[in-house]
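Participant: Once you've had a glance at the structure underneath, I'll fire off some questions.
We did not get these values from a lab; they are worked out from the coordinates using the rules stated. Only a predicted model underlies this, so the values are computations on that prediction, with no experimental measurement involved. Using ideal geometry, Cβ is built from the backbone for each residue, glycine included, and neighbour counts are taken over all protein chains shown.
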Amino acid sequence: MIKSAKKKRKEVQSQNLSASLMAKFSDYGIFIIFLLLVIILSIAKPNFLRPQNIMNVLRQTSINGLLSIGMTFVILTGGIDLSVGSILAFGGVVAASFASDAMGKGIHPPMVAAGIGLLAGILLGAVSGVLIAKWKVPAFVVTLGMLSIARGLTFIYTDGMPIPRIDKAFLFFGQGEVLGIPFPVIIFGVTYLLSWVVLYKTRYGRYIYAVGGNEKSAKVSGVNTRLIIFTVYVISGLLSALGGIILTARTTAGLPQAGQAYELDAIAAVVIGGTSLSGGQGALSGTIIGALLIGVINNGLDLLSVSSYFQQVIKGAIIIGAVLLDSLRKKE
Amino acid sequence: MKKLLVCVAIALIITGTLFAGGAQEAGKKTYNIGAAVYGLQAEYMRLWTTALERHPDVQSGLVKITVFDGKYDASVQQAQFETMATQGYDGALFVPIDIEAGAAAVATAKRAGIPVVGSNTRVNSDDLLSYVGSDDRLSGYMEAKSVIEQIGGKGNVVIIEGPIGQSAQIERKEGNMKALAEHPDVKVLEMRTANWSRAEALSLMENWLNSHPGQIDGVIGQNDEMALGAIQAIEQARLNVKDFGIAGIDGVTDAMLAVKENKMVSILQDATAQAQGGLDILLAKIIGPSFVPKADVWKHIDFNGGKEAIYNVPWVPITLENVDALLAERQELTQR
């Protein structure tokens, strides 16, 4: 009995290995498309390659990047998290309220304020996680509900008004620089590295792929699937709140209406990056390229002064086009 | 279980209607007024509803206000007017999301005999009792004029627009363009929407500062939030905000603070005047000539028994001289 379980686990692992190899291969497709876009943009607009602009793109990508990393964890298990934009707003205003004198909560050190904001995100993620993992309510439904609940809580908490007068020290999270690199970009980079280690160098990471690949067989092979599923929503909540903290520090205000429709860009980044919406297949590096691709599209269309109307059409077309090219290439 | 739920629901509906009927028969001591606003997610609408609830006649209990959140959706607002009609409201204040679609909601109210006063944003309807608001064309003109003045009458400006197609965006743009037409030496480098959002305007301005390095002299933000986003981008690029001429509209709290630091110019839209003035006009119609209007705004403009079709609430430019007083007033209104 024990032997067979072990054998199964090995099988799952080898399946994962080939799956991740395939996913790695498909990364290059998106990567080539990404490079092409960068080359075209730098020819059309030499300003694009200025170091300052590259920092702009990275800084503008960092928030969606964080949400996309969390979304990758969730989608790899075969779930979805529609509540990231609302949790971002909630985490952002909670952190803001402890870093400003506007709500009578006192000005706390940046790490304390940010810590409370992160806890808020973890808490909401955990609520979704319990409902999905333990009570088996579909993730789409739970996080759709949470999208509305977290947004409502944000408005209740702030009384619908922005939280002004954020403490200067707190603003470092969004506006600070270390060795010329914007702090949001550093947060994004460190989060990526940590997540990469978690996903690819730990048993936990392998279990995430296993649960997404085939939940039943993962369970049979002794994986605590409930725990795995629960934790990915906690991670997504945590990273959403982290995005909210950066957004608050970047805009110098806790904005209750921030982050609306951000879930769409996060899901788009994951899908562009080649992660399968049915779970079990995909790679974190693809997601990062996906997020950068969206950032470059937004930035490039601004630089080229494309009108707002066209911008939306072009963005949608590039998203579909990138995935289409990738799937055509895979067929060959 | 299901049957039980249905029974409870029916019982609730019946008692609800009985109760509503009862309240009406008990003599018109309390006037039920519905305030249908386009969306409570906007800071300005929060200020507007807070000011409305502080109207002396609401505080005294003569008027009971129910606020309907239109959630930025014309069909939601239409449904809310249908609710007011069936619930027999005495009057409605209306801040429509859409200038054309709002007309159907006003018609619904009229069929039910409910007088409607428009406030803040316009609606294309002859059935409106009156409208109390501020002229967005004028504010667009004023802010553009101020930016042009700040940059010395010539140079390059960028315009950050509201959501394309909203009446405030259309009218503020008309005002912007009118002022710019008077100054052919001022060139518009870029014009793009940031959907009233500070975060969107921040990214947009970062990108513009890169594509037009050293060329942008002024920023016309069609609201304060977007002007604040532009300021953030300029500071982030380590440029001096005071080298730019920047203006916004609305007078949100953060903009007042920025005016105080001499970073921008803002024009206050008077939410208290629009909300409380609108209620006065409505009550004058419902109660009759014996009604005495209570809003402060009537010290500046003539009430005339509430019979005018349009009341134009003046814009208040926020200056270093009046900013402290305005901030104190705001503090009082936003006490959490």
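Participant: Which residues does the label zone of B:K299 cover in the range B:252-283, counting backbone N under 20 Å from a point 7 Å along Cα→Cβ?
Facilitator: B:268-281
Participant: Going by a ≥ b ≥ c, the root eigenvalues of the Cα gyration tensor, does the range A:2-331 fall in the rounded group (a/c under 1.5), the prolate group (a/b larger than b/c) or the oblate group?
Facilitator: It comes out oblate by the Cα gyration axes.
Participant: Given a 10 angstrom Cα cut-off, can you work out which residue in A:L193, A:L242, A:L82 is the most mobile in a GNM of chain A?
Facilitator: Judging by the Gaussian network model, the answer is A:L193.
Participant: The range B:279-336 to the range A:39-97: how many Å between their Cα centroids?
Facilitator: Between the Cα centres of the range B:279-336 and the range A:39-97 lies a distance of 44 Å.
Participant: Tally the DSSP beta bridges in the protein assembly as shown and give the antiparallel ones as a percent, rounded to 5.
Facilitator: Looking only at bridges with both residues in the protein assembly as shown, the antiparallel portion is about 15 percent.
Participant: Only helical DSSP H runs with n ≥ 4 go in: add -39500 (n - 2.57) per run for chain A, normalise by residue count and round the 222 nm mean residue ellipticity to 500 deg cm²/dmol.
Facilitator: That comes out to -25500 deg cm²/dmol.
Participant: Remind me, relative contact order of chain A in percent, using alpha carbon pairs under 8 angstrom and six or more residues apart?
Facilitator: 34 percent.
Participant: Using Cα pairs closer than 8 Å and at least 6 residues apart in sequence, work out the relative contact order for chain B, in percent.
Facilitator: Relative contact order for chain B comes out at 16 percent.
Participant: Now for a different question. Per DSSP helix of 4 or more residues, -39500 (n - 2.57); summed, then divided by the residues of chain B. What does that give at 222 nm, rounded to the nearest 500?
Facilitator: Using -39500 (n - 2.57) per qualifying helix, the result is -14500 deg cm²/dmol.
Participant: Net charge within 13 Å of A:S83 by Cβ-Cβ distance, Lys/Arg positive one each and Asp/Glu negative one each, not counting A:S83 itself?
Facilitator: Once all neighbours under 13 Å are counted, the net charge is -1.
Participant: Here's another thing I want to ask about it. Just B:A42, B:A179, B:A74 to compare: in a GNM of chain B, with alpha carbon springs under 10 Å, which one fluctuates most?
Facilitator: Among B:A42, B:A179, B:A74, the largest mean-square fluctuation in the Gaussian network model of chain B belongs to B:A42.
Participant: Using all Cα-Cα distances in the range B:136-268, what percent lands in each 10 angstrom bin from 0 up to the longest?
Facilitator: Result returned by the calculation: 15, 52, 32, 2.
Participant: Pairs A:K134/B:K71; A:K105/B:K260; A:K201/A:K315; A:K45/B:K187; A:K105/B:K299; A:K315/B:K71: which exceed 32 Å Cα-Cα?
Facilitator: Over 32 Å Cα-Cα: A:K134/B:K71; A:K201/A:K315; A:K105/B:K299.
Participant: I'd like the mean, over residues of B:231-241, of how many other protein chain beta carbons sit within 10 Å of each residue's own Cβ.
Facilitator: The per-residue average across the peptide is 2.
Participant: Which of B:F94, B:F81, B:F68 ends up with the largest GNM mean-square fluctuation for chain B, with Cα atoms connected below 10 Å?
Facilitator: B:F68
Participant: For the range B:136-268, calculate the relative contact order in percent as a whole number, restricting contacts to Cα pairs under 8 Å that are 6 or more residues apart.
Facilitator: It rounds to 28 percent for the range B:136-268.
Participant: Where in chain A are the DSSP H helices whose alpha-carbon span along the long axis reaches 30 Å or more and whose Kyte-Doolittle mean is at least -0.5?
Facilitator: A:2-44, A:51-76, A:110-133, A:225-251, A:308-331
Participant: Now for a separate question. Diagonalise the Cα gyration tensor of chain B and give the resulting equivalent ellipsoid semi-axes, square root of 5 times each eigenvalue, largest first, whole Å.
Facilitator: 41, 22, 18
Participant: Return P(r) of the range A:14-165 (all Cα-Cα pairs; 5 Å bins starting at 0; whole %; ordered from short to long distances).
Facilitator: 2, 8, 12, 14, 14, 13, 13, 12, 8, 4, 1, 0
Participant: Just tell me, in residue order, which DSSP H segments of chain B are both 30 angstrom or longer along the helix axis (alpha-carbon based) and at least -1.0 in mean Kyte-Doolittle hydropathy.
Facilitator: B:2-25
Participant: Cα centroid distance between the range B:117-145 and the range A:108-186, in Å?
Facilitator: Here the two parts' Cα centres lie 37 Å apart.
Participant: Also, quick follow-up: Sort out for me the Cα centre separation of the range B:151-221 from the range B:241-276, rounded to whole Å.
Facilitator: Measuring centre to centre over Cα atoms gives 16 Å.
Participant: A further question follows. In the neighborhood of B:K187, defined by Cβ-to-Cβ distances under 11 Å, what is the net charge if each Lys or Arg adds +1 and each Asp or Glu adds -1?
Facilitator: Computed value for this residue: -2.
Participant: Sticking with this structure for a sec: What's the exposure ranking of A:F155, A:F31, A:F140, going from fewest to most Cβ atoms within 10 Å?
Facilitator: The most exposed by this proxy come first: A:F140, A:F31, A:F155.
Participant: Taking the Cβ of A:I297 as the centre, find all other residues whose Cβ is under 14 Å away and add up their charges (Lys, Arg: +1; Asp, Glu: -1).
Facilitator: My count for the surroundings of A:I297 gives 0.
Participant: Take the Cβ-Cβ distance between A:V190 and A:A44 as r, set R0 to 35 Å, and report the resulting FRET efficiency rounded to the nearest 0.05.
Facilitator: Efficiency at R0 = 35 Å is approximately 0.60.
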